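Each remark here refers to the structure printed beneath this line.
The values are calculated or read from the model by the stated rules, or taken from the named source; none is laboratory data. Here the structure is a predicted model, which is why all the values come from computation and not from measurement. Neighbour counts are summed over all protein chains in view; Cβ atoms, including those assigned to glycine, are modelled from backbone coordinates with ideal geometry. Accessible surface is based on the protein model in full, side chains and every heavy atom, while ligands, DNA and RNA are left aside. Shrake-Rupley method; radii C 1.70, N 1.55, O 1.52, S 1.80 Å.
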Amino acid sequence: MISVAHLIYPNYTEACFLTGTEYAPEGITVEEAWTLVDKLRAVGALSVIITSCIVDGRHCVVGYNHFSDRRFLLEYTEIPVHFPGTGDIFSAVLIGNLLKDRPLVQSTRCAMDVVARLIELNKNNVDKNRGIPLEKFLGEIE
């Protein structure tokens, strides 16, 4: 499916698996990030976003937009809490923004910000395995 995709957005672990690249838990360099993006593009994806990367010691989302022929790197502050389903929230906000004809970088940043805001609002939930109770926070989603 990647070979015909206009956009893919695996996380770093998935990107390594899909490209046969060794996973580096301590992170990668910016050059290695671009190489990973290029490997995914070589499979056929036009635009690529890789989430949850540590690049040169910073938490980042890296990507390539085929419309502008530009790479991008967006930093974020990791909130040390894990919820199932945050990738689905990211995906929904990203696609929603793209369907509003917003540029890929802006749509990606918006998705990152929404997920961060929802994690921050829910980080003290007792049962994190239930995920983020999204229905209570629909007003937080752009």
Of 101, 88, which residue is at positive phi and not in a strand (DSSP E or B)? 101
What are the residues in region 92-111 that are open to solvent by 20 Å² or more (accessible area, probe 1.4 Å) and either among the acidic types (Asp, Glu) or in contact with a Phe, Trp or Tyr (Cβ under 6 Å, 6 or more places away or on another chain) (or both), if any? 101, 105
Yes/no for residue 3 being over 16 Å from the mean Cα position of the chain (by Cα), surrounded by fewer than 21 Cβ atoms within 10 Å (Cβ to Cβ) and not in a loop (DSSP other than H, G, I, E, B): yes
Every residue from region 112-122 that is open to solvent by less than 30 Å² (accessible area, probe 1.4 Å) and of a type outside the set (A, V, I, L, M): 122
Can you pull out every residue in region 36-63 that is assigned to a helix (DSSP H, G or I) and out of contact with any helix residue (DSSP H, G or I) (no Cβ under 9 Å at 6 or more places or on another chain)? 38, 41
Cβ pairs under 8 Å, 6+ apart or interchain, first in region 95-121 and farther than 22 Å from residue 70 by Cβ, second assigned to a helix (DSSP H, G or I) and of a type in the set (Phe, Trp, Tyr), ordered by first then second residue, are 114/90; 115/90; 118/137; 121/137
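Every residue, every condition in (1) over 15 Å from the mean Cα position of the chain (by Cα); (2) at pLDDT below 95, yes or no:
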| site | (1), (2) |
| --- | --- |
| 39 | yes, no |
| 53 | no, no |
| 76 | no, no |
| 94 | no, no |
| 98 | no, no |
| 104 | no, no |
| 107 | no, no |
| 126 | yes, yes |
| 129 | yes, yes |
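So which of 42, 15, 24 is farther than 13 Å from residue 108 by Cβ, among the hydrophobic types (A, V, I, L, M, F, W, C) and open to solvent by 30 Å² or more (accessible area, probe 1.4 Å)?
42
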